[in-house]
Amino acid sequence: MNPPPEHGGRLRAAVRKWGMPPERWLDLSTGINPRSWPVPAIPEDVWRRLPEPDDSLDTCIRQWFGAPGSAACVPVAGSQAAIKALPRLRSPCQVGVPSPGYEEHGHCWLSAGHKVRGITGEQLVAEDESWLDELDVLVLINPNNPTGQFIEPHRLLSWHDRLQRRGGWIIVDEAFMDATPEFSVGFATGQPGLVVMRSLGKFFGLAGLRAGAVSGDPDIVGPLDGVLGPWSVSGPARYIMSQVLVDHQWRAATAERLHSESRRLSECLSRHGLDGSTGTALFRYVRHSRAGDIAAGLARQGILVRELAKPAALRFGLPGSEPEWTRFDQALYLSDVY
Ligand SMILES: Cc1ncc(COP(=O)(O)O)c(C=O)c1O
């Protein structure tokens, strides 16, 4: 059995479960920036014409990743499209995925007939790296969702070296990297067996657009593009992507703001007994044996957070306005935290 993973952001399900109308909910169950990049009007011909692959998007993506000329870069309809398609590019093999981590990776490799094992956060920092020698493909989420764990680029690239000597791959999911681009390994994506994916859904707050990109070994990214087929990213998504990726001012200001809000969220959680949170600029993660009770206590007040099992934990996204911060703070007083 390989049931599809659950995700945050399922507001309609919460509305049904708790009998509260959608407009009364504060949804903190995802790591999506609540103040997204302001999307401009889209020219009419972008809607009318078929997307053309030789527009300026390739250059924008290459700069976003800091990718060398030897890397292949392709836009994808959300990094999820690449997560689903990559396992189809290898015959059955041994794959390591972060545990806990965004569960679609393990699910998709397993569904494509591979053997999948979880790699824990402790293994990723241990001196003993012998677990690597049992893998053909290592998927890393950097920084990890939900724990926020970072892997230093030089460590990641040394693992890549070790795997590549046996024809192995490293796939790096950088969906949450945009507030900390100094940790990206996009600059190394010309190397054989290395693939990196990024998303417009998190930092840019454009999850509904379904847009992201992949950069990496042309022998992997070329076939990936072939599997995804022509026009897999819509013209409007390509247009928005090519605008947002050159808005360097918005990116710099947003990174600064998100870091400060993440600190504020961590302090707010600590004040209510949820200390020791880890995370990224876009969310905080707290392990707690009574995670389910706390999530239910907040849901009764119309606040949706992500409850995680194995280990029991909660993930909190950022409130988007002062009234939302106040509401969250007050709800924590009344929920079942203590
Ligand atoms: C770590 C991680 N990677 C990838 C994705 C997929 O995002 P998208 O398909 O919107 O790019 C998600 C979505 O939650 C995620 O958490």
Is one or more of the residues making up segment 168-175 away from the ligand (no atom under 11 Å from the Cβ), in a loop (DSSP other than H, G, I, E, B) and assigned by TED's automatic domain parsing to the domain that holds Pro68?
yes
Of the residues Gly317, Gly235, Gly229, which is touching a residue at least 40 places away in the same chain (Cβ under 8 Å), in the same structural domain as Gln149 (by TED's automatic domain parsing) and closer than 30 Å to Ile42 by Cα?
Gly235
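Quick check on segment 50-63. Is at least one of its residues at positive phi, within 16 Å of the ligand (Cβ to nearest atom) and touching a residue at least 24 places away in the same chain (Cβ under 8 Å)? It would help to see each step written out before you state the result.
So the first thing to find is which residues in segment 50-63 are at positive phi, and the list is none.
Checked against the condition, which is being at positive phi, within 16 Å of the ligand (Cβ to nearest atom) and touching a residue at least 24 places away in the same chain (Cβ under 8 Å), segment 50-63 yields no hits at all.
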Scan segment 126-148 and tell me whether some residue there is within 20 Å of Arg88 (Cβ to Cβ) and among the aromatic types (Phe, Trp, Tyr).
no
Pairs with Cβ under 8 Å, 6+ apart, first in segment 156-182 and farther than 22 Å from Val95 by Cα and of a type in the set (A, V, I, L, M), second outside any loop (DSSP other than H, G, I, E, B) and within 16 Å of the ligand (Cβ to nearest atom):
Met177/Phe183; Met177/Arg198; Ala179/Leu258; Ala179/Thr280
May I ask you to say which residue of Val137, Val172 is more than 12 Å from the chain's Cα centre (by Cα) and of a type in the set (A, V, I, L, M)?
Val137
For Ser158, the lone unmet condition from (1) in a helix (DSSP H, G or I); (2) of a type in the set (Gly, Ala, Ser); (3) within 15 Å of Ala82 (Cβ to Cβ) is (3)
Go through segment 26-61 and give me each residue that's part of a loop (DSSP other than H, G, I, E, B) and exposed (fewer than 12 other Cβ atoms within 10 Å of the Cβ).
Pro38, Pro40, Ala41, Arg49, Leu50, Glu52, Asp54, Ser56
For Ala299, indicate whether it is outside the structural domain of Pro100 (by TED's automatic domain parsing) and at pLDDT below 95.
no
Among the residues in segment 154-173, are any closer than 30 Å to Ser260 by Cα and among the hydroxyl-bearing types (Ser, Thr, Tyr)?
no
Any residue in segment 184-213 that's under 17 Å from Gln243 (Cβ atoms) and in the same structural domain as Ser70 (by TED's automatic domain parsing): show its pairings with residues that are modelled with pLDDT of 95 or more and among the polar types (S, T, N, Q) at Cβ separation under 6 Å, as long as the two are six or more apart or on different chains.
Ser199/Ser79; Phe203/Asn33; Gly205/Asn33; Gly205/Ser36; Leu206/Ser36; Gly212/Ser79; Gly212/Ser199
Quick one: which of Ser277, Ser270, Ser262, Ser266 is without any contact (Cβ under 8 Å) to a residue 40 or more places away in the chain and closer than 19 Å to Asn142 by Cα?
Ser277
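The values are calculated or read from the model by the stated rules, or taken from the named source; none is laboratory data. Keep in mind that this is a model prediction, so the values were computed, not measured. FYI the Cβ positions are ideal-geometry reconstructions off the backbone, even for glycines, and counts take in every protein chain you see.
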